[in-house]
Structure formats: C-alpha cells, structure tokens
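Q: Just dropping this structure here.
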Amino acid sequence: MPILLASFYFFYFAIVGVYIIFMPKVLSMVGYSASDIGMIFAAGPLVRFILPFAFTRGMKLNIKSFNIAIVIMFFSSVSFYFSIDNFYKLLFSNIGLGIGLSLILPYIEVISLKTIGKEKYGKIRLFGSVGFVLVALVLVKFLSSADIALNYLLVLTFLTAMVAFVIAKNADASSEKAEEIDNDISLLSDWKLWAGLTLMQVSFGAFYNFFTIYETDYGISMDMTIYLWSFGVVAEIFMLFFQGRLLRGNLLLILQITTSVTAIRWFLLFLFPENLTILFFSQTLHALSFALFHSAAISYLYHLYKHKSLAQQFFSGITYGLGGFVGALYAGYVYELFPRYLFLSAAFIALMASWSLYLWSQKLKRNVVV
C-alpha cells in the first residue's frame with residue numbers, strides 16, 4: 001500500500017503542476033483574455049468549496065461515488081481536447097476536472113492516515129512534491145504548443161485514476177463504514193478552528209499568485225526567483241520526510257506555531273524584498289508554513305471528528321477552496337492599489353489565523369474544565 005499511495009501522490013500533484021503552472025499559459029497561447037482565464041480557473045476553487053456541503057445533505061463519499069469521481073476526472077481531461085477553443089465548453093470541462101480532483105484526494109487522505117499513520121504520512125506525501133517539481137522542470141523544456149500540455153494532463157490523469165482505483169479497491173472496508181456515521185462537524189460551533197485554518201490559506205494568496213511578480217518588480221531576476229521557488233519545495237520535502245516525531249506531539253500547538261511562523265515569513269518579505277539571504281531564509285520556512293501545517297491540520301481533523309472523510313473534504317474545500325479563492329482576489333486588489341504592503345497584509349492575516357487557533361485552544365480548555 002505505501003508504494004501505491006506514494007505513486008498516487010506523485011501523479012496527482014504532477015496533475016496539479018500541469019494545471020496551475022502551465023494551463024493558464026496554454027489558454028493565453030490559444031487566445032483567451034486574462035479575464036477569461038481568471039473566470040475559468042476560479043471555477044476550480046469554487047467547486048472545491050461547494051462540494052463538501054452536498055455531503056451534509058445526504059450524499060455519501062463511498063467507493064461508488066469515489067469511482068464515479070475517477071471517471072469524471074478522466075473524461076474531463078479528455079474533453080479539454082474538444083473544448084479548448086470554446087469558453088463555455090472549457091469552463092464545464094474545468095468544473096468536471098475540479099469535481100474529480102476535489103473528491104478523490106480527501107478519500108485517499110483518509111486511507112493514508114488509517115493505513116500508514118500520521119508519523120509516516122509525510123514520507124509518502126513528499127512524493128507529491130517531487131511529482132510537482134519534476135513535471136514543472138520537464139514540461140517547461142517542451143511546452144511549445146497547447147497539445148503538449150494537454151497530452152501531459154491526459155496521461156497523468158489516467159495514471160492517477162488507475163492507481164486511485166487500485167488503492168480504493170484494496171483499502172480496508174472500514175473506510176466505507178465511516179460514511180455511515182452521523183455528521184459530527186459543526187462549522188458554526190467550531191468556527192474558531194475553521195476560521196484559523198482558512199485564514200492561513202487566505203494569507204497564501206499573496207505568495208502563490210504574486211510572489212514572482214513581487215520579486216521581479218523589485219529587481220530580482222526571473223532565474224533567481226525560480227531558484228527561490230525550488231528552494232522552498234526542497235525545504236518542504238525535507239520537512240515531510242522528517243516530521244514524524246513532531247506529529248506525535250500537540251497538533252493544535254503545532255498549528256498555532258506554524259501560523260505564527262508564517263506571519264513572520266510574510267513580514268520578512270515585506271521588509272526585505274531585495275535581500276537574497278533573507279529571501280532564501282524565508283523560503284526555508286515553507287517547511288513549516290506548508291508541509292508541517294498541512295500534515296498537522298489533516299491529522300488533527302482526522303482525530304477530532306468521527307466523520308473523517310467529510311472532515312478532510314471540508315478541509316480541502318473550505319481552506320484551500322474558499323481560502324484560496326478569497327486569497328487570490330484580495331491579493332490582486334492589494335497589489336494593484338498598495339503593492340508595497342502586499343506581504344504586510346498577508347502577515348496580518350496569518351497572525352489572525354494564529355490568534356483564531358489560540359482562541360479555539362482556549363475554548364477546548366474551558367470545556368475540559370467544565
């Protein structure tokens with residue numbers, strides 16, 4: 001099972017690499033405007049956000065719906081070939097791909113945590129980071145036409161679908177039994193927890209969408225900016241490999257620490273946008289602000305809630321979906337109106353995330369006392 005899970009993460013996040021790094025360029029190459037591209041790619045996060053709520057209204061994420069999601073994902077990738085020249089067809093293809101990707105990852109995450117445990121999770125998940133980096137390094141050398149990127153997308157989607165199908169088929173049947181548990185997730189009563197997790201991703205809107213533009217505007221070369229991105233991924237892989245012992249500790253405390261460190265990271269980018277030593281140091285903090293935060297978050301939710309697959313869906317949908325959507329919008333407006341203060345605002349949002357998680361921890365302590 002570990003080899004299958006590692007293969008899944010490798011292919012899945014290679015798809016993500018093709019999707020977020022190269023597909024916008026592909027659409028630009030075939031004549032789409034910036035606003036068209038923005039609307040097409042905004043559909044993914046919105047689908048990711050909306051989808052989990054369907055499972056609070058009677059739908060079940062079981063082996064049947066999982067297999068349907070695999071089929072939707074694969075045929076959506078095929079449909080890109082026939083919809084690339086039509087905005088509305090492409091929009092629906094993108095929505096279909098978003099549905100498939102949004103459903104299969106939480107299901108596999110539950111299987112991973114159940115079969116290999118949180119201590120070994122990072123050593124398996126790091127293959128996703130490797131896949132992301134490799135597809136970026138390879139495809140950038142060959143991307144001369146839209147068809148090349150679409151071919152990569154199709155092949156990687158097929159491989160992901162096959163590996164995911166085998167994993168789900170071989171997984172313990174108890175993962176399906178979990179779907180019979182009543183929903184014990186209350187976003188309203190647990191809003192401090194979910195606000196903290198979501199604000200963390202909102203703060204990343206500045207980094208994911210504008211770090212390259214921000215640094216090159218300050219005179220850092222494109223090549224050096226790529227090195228900074230790559231250095232952050234290397235730090236991420238390093239943490240994923242060695243984080244096992246840390247995840248045996250207080251997961252909620254780890255979440256508070258990593259959000260606070262992220263605030264410091266963004267503040268350093270605000271203060272020293274041209275200092276390469278500081279920039280590389282800030283990228284090492286990606287090990288904490290992404291790798292350790294992500295692993296601690298999914299592990300904490302896995303142990304907090306009985307409805308484990310729905311908890312992972314909400315984490316994916318609300319934090320990365322809604323948080324990513326809001327983060328991209330806010331960062332765009334801030335960078336247009338007050339570019340100097342982009343990462344200062346991101347630092348403030350990450351600090352709010354840490355404060356919200358602290359309030360959640362205090363609520364839990366009061367409940368224990370009572």
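Q: Can you spot a residue in the range 257-264 that is under 25 Å from Leu134 (Cα atoms) and in contact (Cβ under 8 Å) with a residue 40 or more places away in the chain? Please lay out each step first, then the result.
A: Kept after step one, since they are under 25 Å from Leu134 (Cα atoms), are these residues of the range 257-264: none.
The answer is no; no qualifying residue exists.
Q: Would you mind stating whether Ala350 is in a helix (DSSP H, G or I), open to solvent by less than 10 Å² (accessible area, probe 1.4 Å) and more than 18 Å from Ile264 (Cβ to Cβ)? I'd like the intermediate steps shown before the answer.
A: On the way: in a helix (DSSP H, G or I): yes; open to solvent by less than 10 Å² (accessible area, probe 1.4 Å): yes; more than 18 Å from Ile264 (Cβ to Cβ): no.
So Ala350 does not fit the description; no.
Q: Which condition does Lys64 not pass, out of (1) free of Cβ contacts under 8 Å to residues at least 60 places away in the same chain; (2) open to solvent by less than 20 Å² (accessible area, probe 1.4 Å); (3) under 28 Å from Leu187 (Cα atoms), if it passes all the others?
A: Just one mismatch for Lys64, condition (2).
Q: Still on this structure: Kindly list, by first and then second residue, each pair from a residue in the range 146-173 that is under 25 Å from Ser83 (Cβ atoms) to a residue that is open to solvent by 60 Å² or more (accessible area, probe 1.4 Å) and charged (D, E, K, R), limited to pairs with Cβ atoms under 9 Å and residues at least 6 apart or on different chains.
A: What qualifies is Ala149/Lys25.
Q: Report, by residue number, each residue of the range 240-268 that is open to solvent by 30 Å² or more (accessible area, probe 1.4 Å) and either in contact with a Gly (Cβ under 8 Å, 6 or more places away or on another chain) or among the basic types (Lys, Arg) (or both).
A: Within the range 240-268, Phe241, Phe242, Arg245, Arg248 qualify.
Q: Exactly one condition in (1) over 19 Å from Lys118 (Cβ atoms); (2) under 19 Å from the mean Cα position of the chain (by Cα); (3) modelled with pLDDT under 95; (4) among the aliphatic types (A, V, I, L, M) is not met by Leu285; state its number.
A: For Leu285, the exception is condition (3).
Conditions tested, residue by residue: (1) over 20 Å from the mean Cα position of the chain (by Cα); (2) not hydroxyl-bearing (Ser, Thr, Tyr).
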residue: Ala69; (1), (2): no, yes
residue: Phe92; (1), (2): yes, yes
residue: Thr115; (1), (2): yes, no
residue: Arg125; (1), (2): no, yes
residue: Val135; (1), (2): no, yes
residue: Phe142; (1), (2): yes, yes
residue: Val155; (1), (2): yes, yes
residue: Val166; (1), (2): yes, yes
residue: Ala171; (1), (2): yes, yes
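Q: If we keep just the residues of the range 191-214 that are modelled with pLDDT of 90 or more and over 19 Å from the mean Cα position of the chain (by Cα), which is least open to solvent (accessible area, probe 1.4 Å)?
A: Applying the filter and picking the extreme gives Lys192.
Q: So, in the range 269-290, exactly how many residues are part of a helix (DSSP H, G or I), without any contact (Cβ under 8 Å) to a residue 40 or more places away in the chain and surrounded by fewer than 22 Cβ atoms within 10 Å (Cβ to Cβ)?
A: 4
Q: Of all residues in the range 291-314, which are in a loop (DSSP other than H, G, I, E, B) and among the β-branched types (Val, Ile, Thr)?
A: Applying the first criterion (in a loop (DSSP other than H, G, I, E, B)) to the range 291-314 yields 305-307.
Within the range 291-314, no residue meets the criteria.
The values are calculated or read from the model by the stated rules, or taken from the named source; none is laboratory data. Nothing here was measured: the structure is a model prediction, and the numbers come from that model. With ideal geometry, Cβ positions are generated from the backbone for all residues, glycine too; neighbour counts draw on all protein chains shown. Heads up: the accessible areas ignore ligands, DNA and RNA and are worked out on the full protein's heavy atoms, side chains in. Shrake-Rupley method; radii C 1.70, N 1.55, O 1.52, S 1.80 Å.
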